[in-house]
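Okay, so here's the structure we're looking at.
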Amino acid sequence: MKITDILAKSTKTYPSLEIVPPLRGMTKNELLESIAPFMEFSPKYINVTSHRDEFEYKEEADGTFSRHLVRNRISETTVCAAIMSRYNIEVVPHLICGGNTVEEIQSRLDNLAFLGINNIVALRGDSMTGEKRFAPTPGGYRYASELVEGIRNYQGSSSYRRSRGLETDERYFCIGVGAYPEKHFEAPNLETDIANLKKKVDAGSDYIITQMFFDNQVYYDFVEKCRAAGIAVPIIPGLKPISTFKQISVLPEAFSLDIPLELTQELTKFKDDRNAVYQIGTEWCTQQCKDLIAHGVPAVHFYTMGKSENITNILKECF
Ligand code: FAD
């Protein structure tokens with residue numbers, strides 16, 4: 001089922017979960033066991049992130065270094081297939097511009113359609129480790145809006161549509177995109193970033209998932225600005241509970257966001273007590289989630305980042 005249909009049919013807020021594909025070496029069973037605790041909550045779908053190849057530097061006998069591309073993680077499509085083989089649940093693979101030519105994207109779409117997957121989150125992706133700015137892959141897309149348009153156009157090809165038995169005006173893929181309530185770090189201001197977000201919606205994306213935030217007012221203000229800018233599609237809020245003290249500096253740096261003073265002060269009081277920090281982070285996220293539900297958001301998206309205990313505790317409290 002498409003996420004748009006799930007959103008349209010839902011009468012109350014539901015949890016949405018995002019996982020990161022495992023590093024090479026993990027087995028299928030280990031992966032499936034790691035997400036088993038979520039299944040108790042009958043999630044409607046699971047998002048699987050996508051990761052581009054990384055450079056690895058190898059020292060040669062003459063003391064110089066050579067650069068090699070390595071794929072450290074299992075592909076999102078493989079992880080989706082593994083999840084579908086065990087659990088009766090929709091999967092939503094992420095698809096990124098970085099590292100893919102247009103033809104490679106089309107091949108990925110074919111693989112997804114082959115598996116019966118018709119939901120995608122389309123993203124640009126970040127720069128590679130060691131590179132300052134995102135550089136588009138030669139023959140690939142520069143922005144997520146181009147990727148969305150590319151997916152829509154590819155569906156437009158008559159042979160592709162015929163092979164899937166689609167009616168002329170029916171779209172095969174339901175497309176989600178990302179958004180940043182505290183502004184994408186490269187955008188000069190929030191208004192320009194929202195104008196760029198609108199380009200993704202105009203290109204054919206069906207709904208939006210936000211970057212994590214720790215102050216719900218930031219999300220409510222963002223939604224209001226998006227609506228004023230003419231963005232009408234659902235905007236699903238994204239949450240992540242803080243689980244270690246280090247994250248109060250790591251998360252703002254990695255995701256260009258603010259941690260509210262009240263939360264920072266509370267975490268700082270207990271910075272040497274790992275359990276207390278974990279509890280404070282979980283409780284803060286629980287309160288955020290309850291408030292979002294009270295405001296009638298369609299779904300709450302959780303960035304699980306390979307951890308299940310704090311998320312399942314929040315799900316127990318809220319859903
Ligand atoms: P875009 O929408 O292309 O925007 C990137 C920047 O370019 C923004 O500053 C925007 O304002 C600007 N821009 C956009 N269009 C134009 C234009 N036409 N002209 C000028 N400027 C423009 N990363 C991964 O690698 N894998 C994942 O699986 C993944 N999942 C994510 C899931 C969610 C819900 C979110 C919010 C992010 C995710 N990311 C993921 C991170 C994402 O790839 C990065 O944040 C990336 O830097 C931006 O991606 P985007 O799709 O938002 O880019």
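Taken together, the values in this text are just the output of simple stated rules run on the coordinates, not laboratory data. Predicted model only: the values in this text are computed from it and were never measured. Glycine also receives a Cβ, built like all others from the backbone with ideal geometry; neighbour counts cover every protein chain displayed.
The alpha carbons of the chain stretch over 64, 60, 44 Å along the principal axes, in descending order.
State, as an integer percentage, the relative contact order of segment 1-140 based on alpha-carbon contacts under 8 Å between residues 6 or more apart.
Working: 194 pairs, mean separation 33.0, N = 140.
The value is 24 percent.
How much length is gained if the chain between Ser127 and Leu261 is pulled fully straight, taking 0.36 nm per residue apart and subtracting their Cα-Cα distance, in nm to one decimal?
Numbers: separation 134, 0.36 × 134 = 48.24 nm, distance 3.00 nm.
Once the chain is fully extended between Ser127 and Leu261, it gains 45.2 nm.
Pairs over the 32 Å Cα-Cα cut-off, from the set Lys198/Lys290; Lys2/Lys132; Lys183/Lys271; Lys12/Lys307; Lys12/Lys246; Lys12/Lys240: Lys2/Lys132; Lys12/Lys246. Residues of segment 218-238 with an amide N closer than 19 Å to a point placed 7 Å from the Cα of Phe134 along the Cα-to-Cβ direction: 236, 238.
Kindly provide the Kirkwood hydrodynamic radius of segment 263-319 in Å, to one decimal, from all pairs of distinct alpha carbon atoms. All intermediate terms of the calculation are to be shown ahead of the outcome.
Details: mean 1/r = 0.0818 Å⁻¹.
By the Kirkwood definition, the hydrodynamic radius is 12.2 Å.
With q set to 0.23, 0.27, 0.32 Å⁻¹, the log10 of I(q)/I(0) for segment 91-136, from the Debye formula over equal scatterers at the Cα positions, is -0.82, -0.98, -1.17.
Here the Karplus relation 6.51 cos²θ - 1.76 cosθ + 1.60, evaluated at θ = phi - 60°, turns the backbone of segment 118-125 into coupling constants of 10, 10, 9, 10, 9, 9, 7, x Hz, with x for every Gly and Pro. Calculated FRET efficiency, Ala195 to Ala232, Cβ-Cβ distance, R0 = 22 Å: about 0.90 to the nearest 0.05. Working from Cα pairs under 8 Å separated by at least six residues, relative contact order for the chain is 19 percent. Where a ≥ b ≥ c are the square roots of the eigenvalues of the C-alpha gyration tensor, would you call segment 1-155 rounded, which needs a/c under 1.5, or, failing that, prolate if a/b is larger than b/c, or oblate? Since a/c reaches 1.5 but b/c is at least a/b, the shape of segment 1-155 is classed as oblate.
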